[in-house]
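A.B. asks: Quick one: structure below, then a few questions.
The values are calculated or read from the model by the stated rules, or taken from the named source; none is laboratory data. Please read these numbers as outputs of a predicted model, since none were measured by experiment. FYI the Cβ positions are ideal-geometry reconstructions off the backbone, even for glycines, and counts take in every protein chain you see. Ligands, DNA and RNA are stripped out before the accessible areas are found, and what is left, the full protein with its side chains, is counted by its heavy atoms. Shrake-Rupley method; radii C 1.70, N 1.55, O 1.52, S 1.80 Å.
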Amino acid sequence: MRKALIRKQLLQTIRAVTGNPKTGKRRKTGGIILMAFLFVMVWFSMVMAFFGMTAAFSAFFDMGLGWFFFASMALVTLAAGVLMTIFTIISTVYQAKDNELLLSLPIRPKDILFARLFQVWMLAMLFMTMTAVPTLVRWFMRANAGALGNLFAVLIMLLIPLLSVSLASLVGWIVAWISSKLTKAKNFMTVFLTVLFLAAYYVFYFRINTILRDIVAQGPALAEKLSGSWNPLYRVGQAAYGDVLSFLLIAAICVGAFVICYALLSRNFAKIVTTKKSAEKRVYREKAAQQSSRRNALYRKEMKHFLGSPAYMLNGGMGILFMAAAAVLLLIYQETARSAVLTLDAQFPGIGIAKFLPLAGALLIAFMAAANDITAPAISIEAHTLWLSKSMPITAREFLEAKLQLHRVLTYVPTILVSIVFFIVFAGGGNGLPGLDPKDFVLMLAFALLFAEFMGTFGLAANLLMPNMTWTNETVAVKQSYSALIALFGGWIFTGLLGLAFWLLRDTLGPVEFLMAGIVFLMLLTILLRRWLYTRGAKRYDQL
Amino acid sequence: MLKIEHLTKQYGDKKAVDDLSLEIRPGEIYGFIGHNGAGKTTTIKCAIGILDYDAGDIFIDGIRLKDDPIACKKRIAYIPDNPDLYDYMTGIQFLNFIADVFEVPANVRQERIRKYGDAFALTSDLATNIGSYSHGMKQKLAVIAALIHEPKLLIMDEPFVGLDPKAAFTLKELMHELCAAGGAIFFSTHVLEVAEKLCDKIAIIRNGKLIKSGTMEEVKGDESLEEVFLELVED
């Protein structure tokens, strides 16, 4: 039975790579080769990045602390394994669509769980080669650990995935438990926690060099504390030098953690996967009804959909977060921002950097506004409920306009906010920096708002041309629609092209004149796109 | 109330509906039966203006659907076989949304929500998110939403699937009520006993073509509807 289940899990994995998620059909050979090529490219770049990390940690060999090098990299491998498998665990074990089907068949729950964990373990092995391969290569090059040591080093790297799968299962269980407990403001909590996680990730990413330097600097002191103890980190290092007892201890920890995890989960597997998340059940109490206009009703529906979907909020409204963060950071670091402009002014004497500020501000805000892709998946996410809009007395124009209105309401406020903060920071000038002219600020704001308007129209047009109406999970429509990708990258490329256009026209048009020309250009483009939307676009909507 | 003239709808080379004509008058309950894939849902979707058609004409209350689809849709309510509703809304938010779109005044909608909510035993659940409704509850909500603007023509695709016996009984009562008030109902079903008891007229479709239509007596004569249907579709 286990063999059949494992075969099913492996087929599912292969299908995920070779199948088209939209049509369910097999990808063309060229597509599979391209996917494989992209995977190898990503894998290789990750291996090289971790190889760089092992180079930084090589200093431990020079200090005679080779064991600490191996222990540190084993820890990195474990952490990477947990991070990379956690989402797979949640989707494969806890949220698998066929859990109920398999549980209804004469199969023991623990066999289902075993097959699922086996699949995750295989993926964990694959992911962890990104850290294990550079670690082992560096180890063989520098450690001189002997045949037994090298063998143990390889075996430990093969055993660590068992530990990472166990820890990821534990974290997945905690996430599932928290998720079932959250009833109020669940969507906002999900968005908040995700943003917090992303912020922490980026802070870590940008400070990685400092962190590595600190580890190398504090390593000897830490290594001294751990030396000779039964601390697993010390024992990992000793095992890699061929210490049999240490190896057996580490192997026992990895295998033991997996056995305990499997035993605990298999007892509760059926209960965990079949317990429905608690929904907030409120008893309806009649209140006086209020009539709204059709336009308001449609707009409110759009807003409810946006606020009701964490995936939509996170992917569609990322630019709003960027703008809010930019406004706060600009206020906090206003002196630094002004100094940076002064430094640039000093480096390019005679140009008068200050006069470029409105254009630079407008393009920066446009860059952030390009990440507001609220309309780009707006048609796709209605795939299953489109019958409602189409069977009601609503014109295509009213339907599309409601989506644009949502985009306006959500993006105009942060655009105005970050523009005003930009003005506050640079309006006063000082230290030889001339203040930002209010007239220029108005131009900058007009450009930024028009860009936001253009992005809304562009995203909606892209989605009408490339809707995804066959999704089974809304996140797929929001994250993986071609229109969403085109709106995001297209918006960024367009911003870049505007900057390039200014560079090419710099002798003909000054920054303020270019800004004015840009406003006219954006206005025309938006009007043309809007006309398409309400004519041909409306016809496309009717045919959906 | 609903007039379908020589309707033809093709998917590629396949004719899903082929030269189909029907007329449903005010006060009539009209049943539409046929095997799976016969073209029932396609006909219904064309009649409510969701699906464009290749040939023929459709009139709702005398208005040509292609000339003024909005005016037609104001007179219709539609309930699909598997109603996917806005899961991110509560039941009451959804009903208010529908009432806003159909411009139902506040006091009128409040009274209707109370009436139909109680009739389908859904009132206490109206503050709950639709996402956590069962299939039957969604079906009931779709029925209430369809009735909230008191349509002249109610078009339903397998309306009794998922409804509990009491809700099914309530729906049948309300169907009679709507027709007594001058409305008309056109619905598809596979439950021939229901069609036989409920419908004034019946149409049988096979491979996109209308093979028989008329009053219940004209269609079935002395036989049961089941016998007639099986004979006709096996011919």
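A.B. asks: Residue by residue through the stretch B:195-220, note down the ones that are in contact with a Gly (Cβ under 8 Å, 6 or more places away or on another chain) and not charged (D, E, K, R).
C.D. replies: Scanning the stretch B:195-220 gives B:195, B:198, B:199, B:202, B:203, B:204, B:205, B:207, B:208.
A.B. asks: Let me ask you something else. Are there any pairs, at least 6 apart or on different chains, whose C-beta atoms fall under 7 Å, with the first in the stretch B:60-88 and more than 9 Å from chain A (Cβ to nearest Cβ) and touching a residue at least 60 places away in the same chain (Cβ under 8 Å) and the second surrounded by fewer than 16 Cβ atoms within 10 Å (Cβ to Cβ) and in a loop (DSSP other than H, G, I, E, B), and if so, which?
C.D. replies: The qualifying pairs are B:81/B:161.
A.B. asks: Quickly run through the stretch A:110-129 and pick out the residues that are open to solvent by 10 Å² or more (accessible area, probe 1.4 Å) and either basic (Lys, Arg) or within 26 Å of the chain's Cα centre (by Cα) (or both).
C.D. replies: A:110, A:119, A:121, A:122, A:123, A:125, A:126, A:127, A:129, listed by residue number.
A.B. asks: Among (1) within 30 Å of residue B:102 (Cβ to Cβ); (2) assigned to a helix (DSSP H, G or I); (3) of a type in the set (S, T, N, Q); (4) away from chain B (no Cβ under 14 Å), which single condition is residue A:375 missing?
C.D. replies: Result: residue A:375 fails condition (2) only.
A.B. asks: Okay, next question. Can you tell me which residues in the stretch A:391-400 are at the interface with another protein chain (Cβ under 7 Å from one of its Cβ atoms) and open to solvent by less than 10 Å² (accessible area, probe 1.4 Å)? Write out each step before concluding.
C.D. replies: To start, the set of residues in the stretch A:391-400 that are at the interface with another protein chain (Cβ under 7 Å from one of its Cβ atoms) comprises A:391-395.
Hits for the stretch A:391-400 are A:392, A:393, A:394.
A.B. asks: Would you please name the residue that is farthest from the chain's Cα centre (by Cα), looking only at residues in the stretch A:319-344 that are modelled with pLDDT under 85 and of a type in the set (A, V, I, L, M)?
C.D. replies: In this case the residue turns out to be A:342.
A.B. asks: Can you name the residue in the stretch B:119-138 that is under 17 Å from residue B:83 (Cα atoms) and in a helix (DSSP H, G or I) and is also nearest to the other protein chains (Cβ to nearest Cβ) among such residues?
C.D. replies: If we take residues in the stretch B:119-138 being under 17 Å from residue B:83 (Cα atoms) and in a helix (DSSP H, G or I), then B:132 is nearest to the other protein chains (Cβ to nearest Cβ).
A.B. asks: Restricting the stretch A:44-64 to residues that are open to solvent by 30 Å² or more (accessible area, probe 1.4 Å) and not in a helix (DSSP H, G or I), which is farthest from residue A:158 (Cα to Cα)?
C.D. replies: This residue is A:63.
A.B. asks: So residue A:351 fits all but one of (1) surrounded by fewer than 20 Cβ atoms within 10 Å (Cβ to Cβ); (2) assigned to a helix (DSSP H, G or I); what number is the exception?
C.D. replies: (2)
A.B. asks: Looking only at the stretch B:94-116, which residues are of a type outside the set (A, V, I, L, M, F, W, C), within 11 Å of chain A (Cβ to nearest Cβ) and surrounded by fewer than 23 Cβ atoms within 10 Å (Cβ to Cβ)?
C.D. replies: Looking only at the stretch B:94-116, we keep the residues that are of a type outside the set (A, V, I, L, M, F, W, C), and these are B:96, B:100, B:103, B:105, B:107, B:109-112, B:114-116.
In the following step, the residues that additionally are within 11 Å of chain A (Cβ to nearest Cβ) were identified as B:96, B:100, B:103, B:105, B:107, B:109-112, B:114.
Within the stretch B:94-116, B:103, B:105, B:107, B:109, B:110, B:111, B:112, B:114 qualify.
A.B. asks: Show the residue pairs that are 6+ apart or on different chains and have beta-carbon atoms under 6 Å apart, the first residue being within the stretch B:44-59 and more than 8 Å from chain A (Cβ to nearest Cβ), the second being charged (D, E, K, R) and surrounded by 18 or more Cβ atoms within 10 Å (Cβ to Cβ).
C.D. replies: Matching pairs, first to second residue: B:44/B:157; B:46/B:9; B:51/B:45; B:53/B:9; B:54/B:9; B:59/B:3.
A.B. asks: Still on this structure: Within the stretch A:143-176, can you find the residues that are touching a Gly at 6+ places or on another chain (Cβ under 7 Å), assigned to a helix (DSSP H, G or I) and either closer than 14 Å to residue A:247 by Cβ or open to solvent by 30 Å² or more (accessible area, probe 1.4 Å) (or both)? Before you say what the answer is, go through the steps one by one.
C.D. replies: Kept after step one, since they are touching a Gly at 6+ places or on another chain (Cβ under 7 Å), are these residues of the stretch A:143-176: A:143, A:145-146, A:148-149, A:152, A:160-161, A:164.
Checking which are assigned to a helix (DSSP H, G or I) leaves us with A:146, A:148-149, A:152, A:160-161, A:164.
Once the filter is applied, which keeps residues that are touching a Gly at 6+ places or on another chain (Cβ under 7 Å), assigned to a helix (DSSP H, G or I) and either closer than 14 Å to residue A:247 by Cβ or open to solvent by 30 Å² or more (accessible area, probe 1.4 Å) (or both), the stretch A:143-176 yields A:146, A:148, A:149, A:152, A:160.
A.B. asks: OK, next. Kindly state which helices (runs of 4 or more DSSP H) lie completely within the stretch A:223-330 and contain at least 2 residues that are surrounded by 15 or more Cβ atoms within 10 Å (Cβ to Cβ) and within 14 Å of another protein chain (Cβ to nearest Cβ).
C.D. replies: Counting at least 2 such residues, we get A:294-307, A:310-316.
A.B. asks: From the list B:27, B:31, B:39, B:56, which residue is within 12 Å of the chain's Cα centre (by Cα) and open to solvent by less than 50 Å² (accessible area, probe 1.4 Å)? Don't jump to the end; show me each part of the working.
C.D. replies: On the way: B:27 fails: within 12 Å of the chain's Cα centre (by Cα); B:39 fails: within 12 Å of the chain's Cα centre (by Cα); B:56 fails: within 12 Å of the chain's Cα centre (by Cα).
Sole residue among the options that is within 12 Å of the chain's Cα centre (by Cα) and open to solvent by less than 50 Å² (accessible area, probe 1.4 Å): B:31.
A.B. asks: Could you go through the stretch A:507-523 and let me know if any residue there is touching a residue at least 40 places away in the same chain (Cβ under 8 Å), open to solvent by 80 Å² or more (accessible area, probe 1.4 Å), over 19 Å from residue A:356 (Cα atoms) and in a helix (DSSP H, G or I).
C.D. replies: As a first pass, look at the stretch A:507-523 and keep what is touching a residue at least 40 places away in the same chain (Cβ under 8 Å): A:510-512, A:514-516, A:518-519, A:522-523.
Those left that are additionally open to solvent by 80 Å² or more (accessible area, probe 1.4 Å): A:516, A:523.
Filter once more, keeping what is over 19 Å from residue A:356 (Cα atoms): A:523.
Filter again for in a helix (DSSP H, G or I), leaving A:523.
Scanning the stretch A:507-523 turns up at least one residue that is touching a residue at least 40 places away in the same chain (Cβ under 8 Å), open to solvent by 80 Å² or more (accessible area, probe 1.4 Å), over 19 Å from residue A:356 (Cα atoms) and in a helix (DSSP H, G or I).
A.B. asks: Also: Could you tell me whether the stretch B:140-158 includes any residue that is in contact with a Pro (Cβ under 7 Å, 6 or more places away or on another chain), crowded, with 20+ Cβ neighbours inside 10 Å and not in a helix (DSSP H, G or I)?
C.D. replies: yes
A.B. asks: Note down all Cβ pairs under 6 Å where the first residue falls in the stretch B:11-23 and is open to solvent by 50 Å² or more (accessible area, probe 1.4 Å), the second is among the small types (Gly, Ala, Ser) and part of a loop (DSSP other than H, G, I, E, B), and they're at least six residues apart or on different chains.
C.D. replies: B:15/B:208
A.B. asks: So, one more: Any idea which of A:183, A:210 is in a loop (DSSP other than H, G, I, E, B), more than 27 Å from residue A:253 (Cα to Cα) and at pLDDT below 75? So that I can check it myself, show each step before the final result.
C.D. replies: On the way: A:210 fails: in a loop (DSSP other than H, G, I, E, B).
Only one candidate passes the filter, namely A:183.
A.B. asks: Within the stretch A:453-487, how many residues are part of a helix (DSSP H, G or I) and open to solvent by 40 Å² or more (accessible area, probe 1.4 Å)?
C.D. replies: Taking the stretch A:453-487 as the starting set, the residues that turn out to be part of a helix (DSSP H, G or I) are A:453-465, A:474-479, A:482-487.
Then drop every residue that is not open to solvent by 40 Å² or more (accessible area, probe 1.4 Å), which leaves A:458, A:465, A:474-476, A:479, A:482, A:485-486.
Total meeting the criteria: 9.
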